[in-house]
Amino acid sequence: MSKTYRGKGLIKLQSRGRGTCPSCKTRRIKLLYEIILLDGSKLRVCKRCRKKR
Ligand SMILES: [Zn+2]
């Protein structure tokens, strides 16, 4: 486990770690952060949204 947010690690992810942020609706942004909701489900958001929560 090292630097999964950077470089080659991203290529393995779906869409290379990019997608539409479910929170701010920005498209093709890197969704690098998983936040865990109160019900235990995970949500992948961009770095901007991660700080909001
Ligand atoms: Zn976002």
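The values are calculated or read from the model by the stated rules, or taken from the named source; none is laboratory data. Since we're looking at a predicted model, the values are computed, not measured. For the accessible areas, the whole protein counts, side chains as well, though only heavy atoms, and no ligand, DNA or RNA atoms are used. Shrake-Rupley method; radii C 1.70, N 1.55, O 1.52, S 1.80 Å.
Things to note:
- Calculated accessible area for the stretch 8-52 comes out at 82 Å² per residue, all protein chains present (probe 1.4 Å; ligands, DNA, RNA ignored).
- Extension reserve of the Lys25-Lys12 stretch, reckoned as 0.36 nm per residue once the Cα distance is removed: 2.4 nm
- Taking amide H atoms as placed 1.01 Å from N in the peptide plane, the amide H of Tyr33 lies under 5 Å from those of Val45, each 5 or more residues away in sequence or on another chain.
- 5 angstrom amide H check on Thr20, placed H, neighbours 5+ away: Arg28
- Among the protein heavy atoms of the chain, carbon and sulfur supply 50% of the accessible surface, probe 1.4 Å, non-protein parts ignored.
- Volume per residue that the Cα convex hull of the stretch 8-52 spans, once the total is divided by residue count, Å³: 74
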